[in-house]
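Here the structure is laid out as structure tokens; the discussion comes afterwards.
The values are calculated or read from the model by the stated rules, or taken from the named source; none is laboratory data. What you are looking at is a predicted structure, and each value in this text was computed from that prediction instead of being measured. Here the Cβ positions follow ideal geometry from the backbone for every residue, glycine too, while neighbour counts run over all protein chains shown.
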Amino acid sequence: MAGVTVLCAVRGAAETDVVLALGAPGSGATVTRRCGDVAELLAAAAAGAGGVALVSGDLPGLDREAVGRLHAAGVRVVALSDDAAPAARLHALGVDAVVERYDEALLLAAVRDVATTTASVAGASDHLVLGRGGQDLDDPLGPEDALGLEDAVADDAVPRRGSVVAVWGPVGGPGRTTTTLEVAAALGGMSRGRRRHGRARREAATSAPESVLVVDADTYGASVAARLGLLDDAPGLAAVARAAAHGSLDLPTLARHSPVVGGRLRVLTGITRAARWPELPASAVEVVLERARELADWTVVDCGPLLEADELLMYDTHAPQRNGATLAALQAADVVVVVGAADPVGIQRLVRGLEDLREVPVPVAAERVVVANRVRSSAVGSRPEAAVRDALARYAGVDDVHLVPDDAAGLDGALLAGRTLAEEAPGSPVTVAFEGLAQRVRATVATLLPAEV
Ligand SMILES: Nc1ncnc2c1ncn2[C@@H]1O[C@H](COP(=O)(O)OP(=O)(O)O)[C@@H](O)[C@H]1O
Ligand SMILES: [Mg+2]
């Protein structure tokens, strides 16, 4: 039997022991490369030199991206944990198995086990933990770590499982950020109690306020912080993405970087300089959004306008992609809200955008809710609602577009005040339209959930 081929990147004195153990007759394994660092390991993996990587948990540069690249090369990863690299952190990096204390038999068992299980997506693997009686360490955040986090973390045993809404739209400022903020405000019930009558009041009375996290993932023109008058320009999303890349993003860290604004919303601000986009790799944003589900009932992501992956870089899985954050949000989303401007140019871009969305380089399973924003007769003639509906039905096959009217004065006022329109002008027809959109998002997500028991 040829056995399992192992790329060994173990530091310190243990290296010799490990290589000897793996090389012993009957081990079922062969060390095909001894790598001094992550770069060497990745090169060996890319060259197809081995099927399993055995790494020290504290190997410099071993992050989620590196583990993702090993997986992409078809290499499973076994990590040796120690005090500097506890098992929980290693699992958060997406490794396939962790050996918690050095023991020849455990090590060989782990290497053989991962080699025979089928490769899975980083982060979603069935983790193996050896050396602690198979104790499940999947969740690095023990309940006690969460305490003291006021309202951010409910202290019930079952982790919250919030929903993710991605708000996307083509170039041209159709209103992605406005939609993100107003849908978030509506989901959080922020205009509640200010203006209520009829159906809106009944709806408000039946739905309890929920926690909402806004994430600014627009790598071309982040604007959520500026819209909400947040002066501190440290991008929260970049900070938590960094933690995610290193496997250390826990709930308190996420909460710390997402301040509460306007009473109810938490905000993870975006990168203030477009040139900083490499700080938001898809592999890290994916983890942030997964964690966000534990922090908030709703995570609403403001996406950038472009969807393509750089073809030239596609062959180098490590090269960061400028649209990676947006693609990660679309892939994670339970609902994708697609926003277009309700004028002749905007509608045309929306029609093309819906086509582009069908061809994105990542699987997007979420249902789309299409929005035409700033519907007004000055742009499309008399009976603008009918005109917009007809155009979208005819050219995009969308027969249930959600219409949002135009209220430039209202939105300017909200911008000036650094608040959402929901707070600033709860009676604006635009606020009412976004509340309707939020209801639709809720209803869409409700159809995805298993019936409550
Ligand atoms: N329904 C609306 N009525 C009036 N103005 C709007 C409306 N929606 C958005 N705007 C304005 O259009 C501009 C662009 O909106 P924004 O949400 O920033 O677009 P994007 O995020 O797609 O670039 C902003 O000045 C915003 O206030
Ligand atoms: Mg924007």
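Restricting Ala329, Ala342 to residues that are within 11 Å of the chain's Cα centre (by Cα), buried (at least 24 other Cβ atoms within 10 Å of the Cβ) and within 15 Å of Arg176 (Cβ to Cβ) narrows the list to Ala329.
Of the residues in the range 70-91, how many are of a type in the set (Lys, Arg), out of contact with any helix residue (DSSP H, G or I) (no Cβ under 6 Å at 6 or more places or on another chain) and without any contact (Cβ under 8 Å) to a residue 60 or more places away in the chain? Summing the residues that are of a type in the set (Lys, Arg), out of contact with any helix residue (DSSP H, G or I) (no Cβ under 6 Å at 6 or more places or on another chain) and without any contact (Cβ under 8 Å) to a residue 60 or more places away in the chain in the range 70-91 gives 0.
Selection of the range 208-257 for residues being assigned to a strand (DSSP E or B) and within 13 Å of ligand 1 (Cβ to nearest atom) yields Val214, Asp216, Ala217.
Counting the residues of the range 356-372 that are in contact (Cβ under 8 Å) with a residue 24 or more places away in the chain and assigned to a helix (DSSP H, G or I) gives 2.
Checking Val375, Val388, Val401, Val337 one by one, the residue that is modelled with pLDDT of 95 or more, surrounded by 21 or more Cβ atoms within 10 Å (Cβ to Cβ) and within 30 Å of Ala284 (Cα to Cα) is Val337 and no other. Does the range 287-294 include one or more residues that are in contact (Cβ under 8 Å) with a residue 12 or more places away in the chain, assigned to a helix (DSSP H, G or I) and surrounded by fewer than 18 Cβ atoms within 10 Å (Cβ to Cβ)? Within the range 287-294 (the criterion being in contact (Cβ under 8 Å) with a residue 12 or more places away in the chain, assigned to a helix (DSSP H, G or I) and surrounded by fewer than 18 Cβ atoms within 10 Å (Cβ to Cβ)), the answer is yes, since at least one residue qualifies.
Table: residues versus (1) part of a loop (DSSP other than H, G, I, E, B); (2) within 11 Å of ligand 1 (Cβ to nearest atom); (3) outside the structural domain of Leu350 (by TED's automatic domain parsing).
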site	(1), (2), (3)
Ala386	no, no, no
Ala409	no, yes, no
Asp412	no, yes, no
Pro426	yes, no, no
Thr431	no, yes, no
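Screening Arg199 on (1) at pLDDT below 95; (2) farther than 27 Å from Arg374 by Cβ; (3) part of a helix (DSSP H, G or I) shows it passes everything except condition (2). May I ask you to list the residues in the range 339-348 that are more than 13 Å from Asp302 (Cβ to Cβ) and either of a type in the set (A, V, I, L, M, F, W, C) or not assigned by TED's automatic domain parsing to the domain that holds Ala379 (or both)? Once the filter is applied, which keeps residues that are more than 13 Å from Asp302 (Cβ to Cβ) and either of a type in the set (A, V, I, L, M, F, W, C) or not assigned by TED's automatic domain parsing to the domain that holds Ala379 (or both), the range 339-348 yields Ala341, Ala342, Val345, Ile347. Would it be correct to say that Leu437 is within 16 Å of ligand 2 (Cβ to nearest atom) and in contact with a helix residue (DSSP H, G or I) (Cβ under 8 Å, 6 or more places away or on another chain)? Criteria not met by Leu437.
Taken over the range 209-248, the residue count meeting the criterion of being free of Cβ contacts under 8 Å to residues at least 40 places away in the same chain and more than 18 Å from Val300 (Cβ to Cβ) is 6. From the set of residues in the range 212-240 that are away from ligand 2 (no atom under 16 Å from the Cβ) and within 18 Å of the chain's Cα centre (by Cα), which is nearest to Val287 (Cα to Cα)? Going through the qualifying residues, I end up with Val240.
Being farther than 17 Å from Arg64 by Cβ, touching a Lys or Arg at 6+ places or on another chain (Cβ under 8 Å) and β-branched (Val, Ile, Thr) holds for only one residue in Val267, Val336, and it is Val336.
Of Ala243, Ala274, all but one fail to be more than 16 Å from ligand 2 (Cβ to nearest atom), outside the structural domain of Asp58 (by TED's automatic domain parsing) and under 21 Å from Leu327 (Cα atoms); the exception is Ala243.
In the set Val4, Val55, Val67, Val18, only one residue is within 16 Å of Leu106 (Cβ to Cβ), crowded, with 21+ Cβ neighbours inside 10 Å and free of Cβ contacts under 8 Å to residues at least 60 places away in the same chain; that residue is Val55. Go through Val375, Val404, Val388, Val432 for me and flag whichever is within 16 Å of ligand 2 (Cβ to nearest atom) and closer than 21 Å to Val338 by Cβ. Of the residues listed, the single one that is within 16 Å of ligand 2 (Cβ to nearest atom) and closer than 21 Å to Val338 by Cβ is Val404. Annotation note: Cβ proximity below 8 Å between a residue of the range 250-275 that is without any contact (Cβ under 8 Å) to a residue 40 or more places away in the chain and a residue that is part of a loop (DSSP other than H, G, I, E, B) (sequence gap 6+ or interchain) occurs for Pro259/Leu230; Val261/Leu228; Val261/Leu230. Per the listing Ala386, Ala396, the residue uniquely more than 30 Å from Val267 (Cβ to Cβ) and either among the acidic types (Asp, Glu) or without any contact (Cβ under 8 Å) to a residue 12 or more places away in the chain (or both) is Ala386.
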